[in-house]
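The values are calculated or read from the model by the stated rules, or taken from the named source; none is laboratory data. All of these numbers come straight from a predicted model, not from anything done at the bench. Here Cβ is always computed from backbone atoms with ideal geometry, including for glycine, and neighbour counts include all displayed protein chains. Each accessible area value is taken on the protein alone, full model and side chains, heavy atoms only, with ligands, DNA and RNA left out. Shrake-Rupley method; radii C 1.70, N 1.55, O 1.52, S 1.80 Å.
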Amino acid sequence: VTIQVVLLILMLTGFVLINRKLSHEVWDPFYKILDKLKQYKIDEDTFISLPHSSTSEFRDLSKAIVLLVNKSRDAYLNQKEFTENASHELQTPIAIFRSKLELLIQTTPLTKDQAELISNLLDTTDRIARLNKNLLLLSKIENRQFISSEQFSTRAVINRILEDYQQLALTREISITVDVAKDLIIKANPILFEILISNLVSNALRHAPIKTDVLIKIEKETLSVLNYGSPLKWPEKIFNRFNQESRSSQGSGLGLAILKKICEVEKFSIHYTYTNSRHQFQVTFSDNSSESIQN
């Protein structure tokens, strides 16, 4: 019985070892293909090189993957080129249209109704220009064209952005309070981060009632922007493109969608809540992208 048990254990051990070796040799091309796919970046690599396998199924898989990757890269390049060309081509006629309207409003005689009509057209032209600019920016973010990262102070960026919006705050008689418990050193793309802060501040100032206040808070690894206002009818759609609660708003409907996309690219998370008659947008930074500094 002892001899039989020993032989059985040896046979089972040998079977397991042989099976593992065969499985490793058979599946080794699959894991190599998987590693290549994980390392491939559609915005950087021009082509993908997959290992050759003696197994016909893996050879067919490699051919299908190469074909799919090439089609995806061609579609990515075509979309990128189309967006850039469309945006640049639209800028020129928009600028010409605006200049013609400015010349027209300076002509005489001009009735009051005609002046109001031209003024409305100028406002619409500005909105189209902003919409074109935001669509191009959103496309660039989606295409991962902002890839460089730097370390910078969150408080310094906020102070710089607030200088740009000081006149808007004074015009609407809105006071801005900055509460910094700990400054955060963020590692991210500086352009995207400035757009993130700028859109948060701009959104709060535009939608806050006159003679109220806007609060900007930095705590641990979070940045919060709060402003007073009425509750939203569809808060679950707040980050959707072209979602606007009020059509009288001068926004393009893309500001919050851009915020969401920036957070996805930079591995941040953004949440919206409404409590105590205040809208709150809270951005939480990842552990490897932020570092707290005590005041």
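For the reader, a short list of remarks on this structure follows.
- T171 vs. criteria hydroxyl-bearing (S, T, Y) and open to solvent by 70 Å² or more (accessible area, probe 1.4 Å): yes
- Close contacts from the stretch 245-267, counting a first residue that is modelled with pLDDT under 75 and a second that is of a type in the set (F, W, Y) and assigned to a loop (DSSP other than H, G, I, E, B), with Cβ to Cβ under 6 Å and a gap of 6+ residues or different chains, come to G253/F242.
- Check on K211, in contact (Cβ under 8 Å) with a residue 12 or more places away in the chain, crowded, with 16+ Cβ neighbours inside 10 Å and either in a loop (DSSP other than H, G, I, E, B) or among the basic types (K, R) (or both): no
- Search result, residues across the stretch 24-50 that are part of a helix (DSSP H, G or I) and either open to solvent by less than 50 Å² (accessible area, probe 1.4 Å) or among the hydrophobic types (A, V, I, L, M, F, W, C) (or both): V26, W27, D28, P29, F30, I33, L34, L37
- You will find that of L138, L90, L104, L131, the residue that is part of a helix (DSSP H, G or I), modelled with pLDDT of 80 or more and not basic (K, R) is L104 and no other.
- Checked against the criterion of being outside any loop (DSSP other than H, G, I, E, B), polar (S, T, N, Q) and modelled with pLDDT of 85 or more, the candidates Q4, Q114 yield just one match: Q4.
- Qualifying residue in the stretch 175-186 (condition: surrounded by 15 or more Cβ atoms within 10 Å (Cβ to Cβ) and of a type in the set (D, E, K, R)): yes
- Checking each residue of the stretch 51-70 against the condition of being modelled with pLDDT of 85 or more, polar (S, T, N, Q) and open to solvent by less than 60 Å² (accessible area, probe 1.4 Å) gives at least one match.
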